[in-house]
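As structure tokens, the structure follows; a few thoughts come after it.
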Amino acid sequence: QGGNNAGHTVVVDGKEYDFHLFPSGIINPKAISFIVVKLEDIEKLKQISMFDQSAQLKSFFSLYLLTGLKDWEKRLIISDRAHIVFDFHQAVDGLQEVQRQAQEGKNIGTTKKGIGPTYSSKAARTGLRICDLLSDFDEFSSRFKNLAQQYKSMFPTLEIDIEGQLKKLKGYAEKIRPMVRDGVYFMYEALHGSPKKILVEGANAALLDIDFGTYPFVTSSNCTVGGVCTGLGIPPQHVGDVYGVVKAYTTRVGIGAFPTEQINEIGDLLQSRGHEWGVTTGRKRRCGWLDLVILKYAHMINGFTALALTKLDILDVLDEIKIGVAYKLGGKRIPYFP
């Protein structure tokens, strides 16, 4: 999924769930849900493990408990390779947005969940993973302190309660230990053991991919189909059908190019009828006509077996429906996504 910056609203049997970290399959009592190299927010995992409903009843883990999602902890597995999002990663995410706004007059529009800074730590090889937390805690503590000091030197106003955080983390380690497995071996057994149906769920859209999206207004992960191999450790020959999910109109949360956007009554209608609010941020989604150029581009990268077209009914009240069919550059049509 890439992290808890993305959100899915899932409605099953009249009950509504807002998913961020959990795979949507957690609702299915017959399915095993596997959180892999996407990033984990330990504070949220605490709420899972301790069943702490007194704090933040609106947190999605508490909501699952309140709405009758039972025995999910028995069918949730966490990869030992998952990187950890720390509180200071989230604080730095916000500070970076403030800096961008001050220096450039615009920001990226992140969800401030710490995803970008955590991926930066991962790429700089200073990140810490679940396996680090569960092994030698003294070594983990030393590396945690070094990482925290690096961020404090970059952001002098950043305050980090290092000892307090380490105390919490040590407690979390034992809470989540029963859920943690070697992720690569788990997937190998799933692929080569008794026959199973394996569904890999992506979170962010193709145009938010760190390499192939509308950079720099993108997320920090590979959310195109290549992420199945790099994220799960699945060999390419095991990737079967690829289903693209696309609305009958185009939406976007946050800043970035949007050629078919309708900043008018059409956009307002799509937003209100489609209930287009960001699950994570609560921000209104920007809305516009379906853009077939980006859909074809997404197909170039992902090679869809089939498309699932959603929310077609939102357009029912319109007498005329428009679709973006081509881009022009210098007055000439171009066959590619620029």
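The values are calculated or read from the model by the stated rules, or taken from the named source; none is laboratory data. Keep in mind the model is a prediction, meaning the values are calculated, not measured. Cβ sites come from the backbone with ideal geometry, for glycine too, and all protein chains shown count toward neighbours. Side chains are part of the model used for accessible areas, which takes the heavy atoms of the whole protein and leaves out ligands, DNA and RNA. Shrake-Rupley method; radii C 1.70, N 1.55, O 1.52, S 1.80 Å.
First check a/c for the range 71-211, with a ≥ b ≥ c the square roots of the eigenvalues of its C-alpha gyration tensor; if it is under 1.5, answer rounded, and if not, answer prolate when a/b is larger than b/c or oblate otherwise.
oblate
Write down the accessible area per residue of the chain in Å², having rolled a 1.4 Å probe over the full set of protein chains.
54 Å²
Taking a ≥ b ≥ c as the square roots of the Cα gyration tensor eigenvalues, with a/c under 1.5 meaning rounded and otherwise prolate when a/b beats b/c, else oblate, which class fits the range 140-295?
In terms of gyration-tensor shape, oblate.
Show me 26-35, 209-218, 151-160 ranked by packing, highest mean number of other Cβ atoms within 10 Å first.
209-218, 26-35, 151-160
I'd like the distance between the alpha-carbon centres of the range 233-266 and the range 92-133, rounded to an integer number of Å.
Here the answer is 23 Å between Cα centres.
Where both residues lie in the chain, what percent of DSSP beta bridges are antiparallel, nearest 5?
Antiparallel bridges: around 50 percent, rounded to the nearest 5.
Residue by residue, what Karplus-based ³J(HN,Hα) values in Hz, rounded to whole numbers, does the range 156-172 have, using 6.51, -1.76 and 1.60 with θ = phi - 60° and x for Gly and Pro?
Taking θ as phi minus 60°, the curve returns x, 7, 6, 10, 10, 7, 4, 5, x, 5, 5, 4, 4, 4, 5, x, 5 Hz for the range 156-172.
If you build the convex hull over the alpha carbons only and average its shadow over all orientations, what do you get for the range 189-253? Give it in nm² to one decimal.
5.3 nm²
On the principal axes of its Cα set, how long, how wide and how thick is the range 245-338? Give whole Å, largest value first.
34, 32, 30
How large is the Kirkwood hydrodynamic radius of the range 130-183, counting all unique pairs of alpha carbons, in Å?
Evaluated over the range 130-183, this radius sits at 12.2 Å.
Find the centroid of the Cα atoms in the range 293-338 and in the range 145-167, then give the distance between the two in whole Å.
45 Å
Which links in Lys112/Lys168; Lys70/Lys122; Lys74/Lys167; Lys168/Lys196 stretch past 30 Å when you go from one Cα to the other?
Violating the 30 Å limit, Cα to Cα: Lys70/Lys122; Lys168/Lys196.
Ignoring ligands, DNA and RNA, please state the percent of accessible area on the range 242-334 from carbon and sulfur, probe 1.4 Å.
Ligands and nucleic acids excluded, carbon and sulfur reach 56 percent.
Determine the share of the range 87-178's accessible area contributed by carbon and sulfur atoms, expressed in whole percent, with a 1.4 angstrom probe.
Solvent-exposed carbon and sulfur of the range 87-178 make up 48 percent of the total.
Indicate the gyration tensor shape class of the chain (rounded, prolate or oblate), computed on the Cα atoms with a ≥ b ≥ c the square roots of the eigenvalues: a/c under 1.5 is rounded; otherwise a/b larger than b/c is prolate and the rest oblate.
prolate
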